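The values are calculated or read from the model by the stated rules, or taken from the named source; none is laboratory data. What you see is a predicted model, and the numbers here were worked out from it, not measured in a lab. Cβ placement follows ideal geometry from the backbone for every residue including glycine, while neighbour counts extend to all protein chains displayed. Note: accessible area is taken over every heavy atom of the protein model, side chains too, but ligands, DNA and RNA are not part of it. Shrake-Rupley method; radii C 1.70, N 1.55, O 1.52, S 1.80 Å.
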Amino acid sequence: MSEEKIKDAGIYALGAAYNGTKIVSVLEGTIPIIDMGFLHSDVCYDVVSVWQGSFFRLDDHMNRFEKSYQGLGLTSLPKTKQEMRQILIDMVAISQLRNSYVFMCATRGIPDIEDPKNFEKYQNQFYAFNCDFVWVVEPELHSTGVDAIISSVPRIPKECVDPTIKNHHWGDLVRADIEAHKKGAFTAFLLDSNGYLTEGVGFNVWIYRNGELKTPDDGCLLGITRQTVFELAKEMNIPARACKITADEVRGADEVFMSTTAGGIMPVRKVDDAVLSDGKAGPVSMKIHKAFWDAHSRPEYLTPVNYD
Ligand code: PLP
């Protein structure tokens, strides 16, 4: 957006932020530099989307967020889950954005300089922001598919960082992304230390093989989009299950796609040197893609925002 447009649309044109005390413009949203969320990645987060004026599966995201902050032992957040949910709705209403990426995080907070190891003493914090809808893969590329690699960087072991707690330990994902870009691919999938597929750079991975959809059962975030794919596949009578998947199975799949809140269903046309589904998005991937966007008009998934 040009600077002039930003001026015309007001201070919230790029989105709003909750800085721990009040809602401000996203450009003014700051966190204290000594918050342990920033210093030690002692933070969990979640991302929910707003599409055509409604949140998609807001309560599922809030419930996963709750599991994440409870999993980190963040028990002194200043807001209840219900209050945090309302802050997200208020931010989106203030920003007037109809399609939006909405981020929330819970951090350990600021240490007591005299007693930094006393975790009981921390006042945990909640911050959030929203901005225009984010596409991990631009929509124009959904029907062509994108190229992926299986990275040489293994996913951080789940024994070190629990991937079901949505976290900021992105060092492995970023290294894998850089490797993909150096090799001319769009993105990367990571394996665990036993060679099984985990997830990718901000998304879950699916393969379609022998008439069945498969996604990893372990070592990955339990994506809300992943959950939606399971629900939609069931309705469409496409067998789908979570299980172990090897790198060779990914390269030998009939189709591969990725799923995430930031962009939905994203087909893949090539993994390493293996060309999939004739070098374009596969038909089953596109069927799920369509069902996913159609689901954005189902009331049971939606929380409409009142923009007045
Ligand atoms: N895996 C990782 C590492 C992610 O960061 C994300 C989303 O950001 C996902 C999977 C997909 O999760 P969801 O569908 O809930 O957005």
Can we say ILE113 is more than 30 Å from ASP273 (Cβ to Cβ), more than 14 Å from the ligand (Cβ to nearest atom) and surrounded by 18 or more Cβ atoms within 10 Å (Cβ to Cβ)?
no
Positions within segment 174-212 being of a type in the set (Ser, Thr, Tyr), within 12 Å of the ligand (Cβ to nearest atom) and touching a residue at least 60 places away in the same chain (Cβ under 8 Å), in sequence order
THR187
For segment 213-240, give me each residue that is away from the ligand (no atom under 16 Å from the Cβ) and either among the β-branched types (Val, Ile, Thr) or touching a helix residue (DSSP H, G or I) at 6+ places or on another chain (Cβ under 9 Å) (or both).
GLU235, MET236, ILE238, PRO239
Step by step: first the residues of segment 241-260, then only those that are touching a residue at least 24 places away in the same chain (Cβ under 8 Å) and open to solvent by 30 Å² or more (accessible area, probe 1.4 Å), then the one that is nearest to the ligand (Cβ to nearest atom). Which residue is that?
ALA242
Restricting to segment 263-283, name every residue that is of a type in the set (A, V, I, L, M) and open to solvent by 20 Å² or more (accessible area, probe 1.4 Å).
ALA274, VAL275
MET104 vs. criteria open to solvent by less than 30 Å² (accessible area, probe 1.4 Å), at pLDDT 95 or above, in contact with a strand residue (DSSP E or B) (Cβ under 6 Å, 6 or more places away or on another chain) and more than 16 Å from the ligand (Cβ to nearest atom):
no
Considering THR228, THR246, which residue is closer than 27 Å to GLU300 by Cα and β-branched (Val, Ile, Thr)?
THR228
Here the residues within segment 172-192 that are open to solvent by 50 Å² or more (accessible area, probe 1.4 Å) and either under 26 Å from ARG64 (Cα atoms) or touching a Phe, Trp or Tyr at 6+ places or on another chain (Cβ under 9 Å) (or both) are VAL174
Can you find, within segment 133-171, the residue that is nearest to the ligand (Cβ to nearest atom) among those that are surrounded by 16 or more Cβ atoms within 10 Å (Cβ to Cβ) and not in a loop (DSSP other than H, G, I, E, B)?
ASN167
